[in-house]
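What follows is a set of notes on a single structure, which appears directly below.
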């Protein structure tokens with residue numbers, strides 16, 4: 001097993017990599033959108049109603065936005081303040097992985113589970129491209145840990161905290177939290193044959209605590225929607241926010257109704273899983289295969305050192321979400337703690353059995369993965385976005401040398417394997433958070449235009465947009481939702497306004513006879529949808545678009 005010293009070193013480095021991503025420019029769409037929604041709460045002192053632009057927002061509960069708004073109030077409006085609550089809840093998730101794996105297996109498995117969780121690619125990404133899933137994931141695994149701890153120890157405080165965790169998870173993204181928590185706990189009850197725990201009178205107390213925890217969110221939904229049946233939301237009136245969050249939400253996602261459909265591929269989450277849990281993919285698939293084989297062979301008979309909470313929940317939930325008509329890779333985040341605990345339990349068993357033959361296979365595989373990672377990193381820092389100073393290259397090479405020397409230390413096979421895998425995550429994400437993302441975000445038009453606006457000391461109150469297309473990055477960094485331009489009222493003689501447009505809109509304005517005296521331009525690319533032509537500096541200009549800020553002087557009707 002890895003020593004405590006090495007464990008805390010690797011854990012500290014993983015946290016450091018995430019912290020380095022806190023001040024990076026926010027990503028469009030979701031991060032900037034959610035930040036603008038939270039900012040609006042603070043600016044309007046209205047923490048009950050959620051708005052997405054000019055539309056009232058029904059889709060997700062309030063907790064993520066409340067946490068971001070609270071952070072803005074405490075630390076000021078910044079990228080750091082927006083991301084901080086999510087990072088803290090992810091750290092709670094890592095501690096909960098440690099607690100659950102220690103409970104189901106032993107402490108050494110707990111240490112592995114926390115490392116696996118924090119170094120999984122989708123979790124590191126969720127700490128910089130912050131959506132609701134980071135908070136959902138942390139609170140869900142916290143609830144699972146505490147509820148299973150109650151089953152095993154019968155301690156009331158574990159049940160109390162489990163109910164609070166479940167309430168917070170539900171208040172973040174709704175029904176999926178209860179599905180994940182409920183299925184995991186039920187699978188544990190089934191495997192351990194402890195159904196009598198469901199008859200414990202203290203569960204009534206837990207239900208009361210859960211109800212109290214979700215009551216602020218329900219009250220906000222009630223105030224915004226239930227009291228106003230006249231509101232038309234997604235083409236329907238008489239919408240109940242409480243009924244939506246308890247019943248309609250998941251069915252809309254499963255059917256695509258309201259949310260729309262973006263994938264009918266039933267294997268979407270399988271091939272997404274191959275990258276979201278990198279660099280643990282091989283070990284996680286191996287753990288899943290071995291534990292499934294053991295469960296079948298033993299016919300789910302309870303055996304010391306094995307558990308069915310994580311495996312059973314994964315086999316129920318993974319196919320269930322695969323039938324949804326609306327899918328995105330980060331929807332798997334809430335399952336990452338279960339994979340982390342399952343994989344950690346298997347690896348801990350592997351370490352105790354000292355399977356030298358298997359280690360001779362796994363070590364070369366992960367040296368190969370690290371080598372491929374190194375090739376990708378070199379492409380990023382020498383070709384895609386070259387480092388911009390000799391000192392940066394010096395730090396890069398010194399970091400690589402230190403990492404290689406540490407990995408090549410004369411260690412037993414198992415500690416070397418864990419160090420190798422975690423180091424792969426550290427290498428790729430240190431470069432991504434410290435170099436790649438900051439350079440990439442120079443091509444996010446809205447945030448770059450906001451920088452120019454600040455440099456030119458242009459009054460943000462005089463900036464409009466030509467259409468109702470969302471401009472989340474511009475809105476957040478201008479600290480103001482950008483209103484749509486009304487040519488009949490917004491441009492009067494002698495008034496100075498600026499109009500934010502894309503290339504097509506600029507051409508349309510010119511063809512309609514509009515005139516402007518000054519223009520600013522920035523490059524624009526949808527940075528969350530990378531493609532080879534963009535990553536290649538020689539073809540990058542072919543896929544870049546322009547966004548403009550035009551200082552309007554005269555409308556067509558003013559010439560008549």
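None of the figures in this text is laboratory data; all of them are computed from the coordinates on show. The structure presented is a predicted model; accordingly, all values stated were derived computationally and were not measured. Ideal geometry is used to build each Cβ from the backbone, glycine not excepted, and the neighbour counts take in all protein chains shown.
Using a 10 Å cut-off around each Cβ, can you sort 447, 423, 389 from fewest to most neighbouring Cβ atoms? Mind dumping the intermediate values first?
Working: 447 24, 423 21, 389 8.
Exposure proxy ranking, most exposed first: 389, 423, 447.
Mind running the shape call on the chain? Use the C-alpha gyration tensor, a ≥ b ≥ c as the square roots of the eigenvalues: rounded below 1.5 for a/c, prolate if a/b tops b/c, oblate otherwise.
Numbers: a/c = 2.35, a/b = 1.39, b/c = 1.70.
Note, shape of the chain comes out oblate.
Ranked by Cβ crowding within 10 angstrom, fewest neighbours first, how are 307, 515 ordered? The partial results should precede the final answer.
Working: 307 23, 515 15.
Lowest to highest Cβ neighbour count: 515, 307.
How much of the DSSP beta bridge set in the chain is antiparallel, as a percent to the nearest 5?
Values: 18 of 22 bridges.
Given both bridge residues lie in the chain, the antiparallel proportion sits at roughly 80 percent.
May I ask you to order 136-149, 48-61 by the average number of other C-beta atoms within 10 Å around their residues, highest value first?
Working: 136-149: 28.4, 48-61: 18.0.
The packing order, highest mean first, is 136-149, 48-61.
Measure of size requested: the Rg and Dmax of the stretch 23-75, with Cα atoms as the atom set and Å as the unit; please supply both.
So, for the stretch 23-75, Rg and Dmax equal 10.6, 30 Å respectively.
How far is helix 356-379 tilted, in degrees, relative to the longest principal axis of the Cα atoms in the chain, given as a value from 0 to 90 rounded to the nearest 10?
Around 10 degrees separate the two axes.
Using a/c under 1.5 as the rounded threshold, could you call the stretch 114-222 rounded, prolate or oblate? The axes a ≥ b ≥ c are square roots of the C-alpha gyration tensor eigenvalues, and prolate needs a/b larger than b/c, oblate otherwise.
Oblate shape, in that a/c is at least 1.5 and b/c is the bigger or equal ratio.
For residue 152 and residue 393, calculate 0.36 nm times their separation in residues minus their Cα-Cα distance, and state this gained length in nm to one decimal. Walk me through the intermediate numbers first.
Values: separation 241, 0.36 × 241 = 86.76 nm, distance 5.26 nm.
Length gained between residue 152 and residue 393: 81.5 nm.
Subtract the Cα-Cα distance of residue 542 and residue 457 from 0.36 nm times their separation in residues, and report this length gain in nm to one decimal.
27.5 nm
Helix 445-455 against the longest principal axis of the chain: what's the angle in degrees, Cα atoms only, rounded to the nearest 10?
60 degrees
Shape call for the stretch 268-422 from the C-alpha gyration tensor, a ≥ b ≥ c root eigenvalues: rounded (a/c under 1.5), prolate (a/b greater than b/c) or oblate? Kindly include the intermediate steps, with their values, before the conclusion.
Working: a/c = 3.17, a/b = 1.45, b/c = 2.18.
Oblate shape, in that a/c is at least 1.5 and b/c is the bigger or equal ratio.
When a footprinting reagent is the concern and you count Cβ atoms within 10 Å, what order do 19, 180 take, fewest first?
Working: 19 15, 180 27.
Result, fewest neighbours first: 19, 180.
Taking Cα atoms, how many degrees apart are the long axis of helix 202-221 and the longest axis of the chain, rounded to 10 and kept between 0 and 90?
10 degrees
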